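Please read the structure below before turning to the comments.
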Amino acid sequence: MMLRECLNHWLRRYGEPFQAGAQGYRGLFFQPPGSLLRWLFSPEALGELPRPLWAVAVAPTVSLPDATVLTWRGASYRVLSSLEFRFDAQINGGLYSYEHPKSLRLSPQEVVQLDLEYPKRSQEWKAYYQKRALQPVDRSYLYFCGAGLVSFHIDPYGELSLCMLARQPSYNLRQGTFQEGWQHFLRQVRFQPASQAAPCNGCQWQTLCSQCPGMNQLEYGDSFGKVDYLCEIAHLRAHALDLVSAPAVVDNLSGL
């Protein structure tokens, strides 16, 4: 009872949705009956909390026996029916171009099929595309996200970089100061101009794509070019959502 009250207090105080991700999955399905972790992450315990609940999972090929991500090593949708189930169907490449995670990826066709199996997800993709048509992103720089502006990453060796995906270049905090790394080094990296020859320039499906320099580093070891896997998903998604005839969303490239 005390633990339940503590969880309720924490969620009321911070007001954030609770995400039952990998730790919650392990707690619910791999802990002995009667254990603390199994109880903490059980639908019964979580169902009493005052905030929205999300069950989060990544969708590798080994998780898709019945063409639905909600059947994952015996974790059926019926068990998690009281939660809002969220999933990420795109598995990143490994750090330093480590190949093994790619072997667990769904095919681009399977990724898009999952979008279509959940009407709410498909509708959100369409709404996001239409919203971005009114608010294009300035792609005159190589990086167009919040990395180096509102966030950064420091690895266990003291290397400061823009984000946990884009590890190169990095600044050695053991030999310099955070102020120098943040205000000067990362600023120079963050505001590199994009190349006019960048393969994604002018692509109207950028809004539907996860392509970024960090993803390219994981895939190929450099910040430039495009990830073919992500590109194929974006084009298939555009066709599946009937956006091919919609007005093109081309981000601002005026700075090139």
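Given the conditions (1) surrounded by fewer than 20 Cβ atoms within 10 Å (Cβ to Cβ); (2) in contact (Cβ under 8 Å) with a residue 24 or more places away in the chain, and given that C209 satisfies all but one, which numbered condition is not satisfied?
Unmet for C209, out of (1) surrounded by fewer than 20 Cβ atoms within 10 Å (Cβ to Cβ); (2) in contact (Cβ under 8 Å) with a residue 24 or more places away in the chain: (1).
Exactly one of (1) among the hydrophobic types (A, V, I, L, M, F, W, C); (2) in the same structural domain as A238 (by TED's automatic domain parsing); (3) under 16 Å from the mean Cα position of the chain (by Cα) is unmet by L116. Its number?
The one condition L116 does not meet is (3).
Pick from segment 96-129 the residues that are surrounded by 15 or more Cβ atoms within 10 Å (Cβ to Cβ) and under 19 Å from N216 (Cβ atoms): which of them is modelled with the highest pLDDT?
Per the stated criteria, the residue is P108.
Say whether the condition of being surrounded by 14 or more Cβ atoms within 10 Å (Cβ to Cβ), touching a residue at least 60 places away in the same chain (Cβ under 8 Å) and hydrophobic (A, V, I, L, M, F, W, C) is met by at least one residue in segment 146-163.
Yes, the conditions are met somewhere in segment 146-163.
So which residues in segment 198-232 are more than 22 Å from S170 (Cβ to Cβ) and either part of a helix (DSSP H, G or I) or acidic (D, E) (or both)? Can you show your working first?
Of the residues in segment 198-232, the ones more than 22 Å from S170 (Cβ to Cβ) are 198-210, 226, 228-232.
Q206, T207, L208, D228, Y229, L230, C231, E232 - these are the residues of segment 198-232 that are more than 22 Å from S170 (Cβ to Cβ) and either part of a helix (DSSP H, G or I) or acidic (D, E) (or both).
Which of the residues spanning segment 171-197 are modelled with pLDDT of 90 or more, assigned to a loop (DSSP other than H, G, I, E, B) and of a type in the set (S, T, N, Q)?
Selection gives Q175, T177, Q192.
Take segment 106-128 and flag every residue that is part of a loop (DSSP other than H, G, I, E, B) and touching a helix residue (DSSP H, G or I) at 6+ places or on another chain (Cβ under 7 Å).
Step one: list which residues in segment 106-128 are part of a loop (DSSP other than H, G, I, E, B), which gives 106-107, 118.
Of everything in segment 106-128, just one residue is part of a loop (DSSP other than H, G, I, E, B) and touching a helix residue (DSSP H, G or I) at 6+ places or on another chain (Cβ under 7 Å), namely L106.
If I filter segment 217-232 for residues that are exposed (fewer than 15 other Cβ atoms within 10 Å of the Cβ), modelled with pLDDT of 90 or more and within 21 Å of Q130 (Cβ to Cβ), do I get at least one hit?
No, every residue in segment 217-232 fails to be exposed (fewer than 15 other Cβ atoms within 10 Å of the Cβ), modelled with pLDDT of 90 or more and within 21 Å of Q130 (Cβ to Cβ).
The values are calculated or read from the model by the stated rules, or taken from the named source; none is laboratory data. All values derive from a computational prediction rather than experimental measurement. A quick note on method: Cβ atoms are made from the backbone with ideal geometry, for glycine too, and the neighbour counts reach across all protein chains shown.
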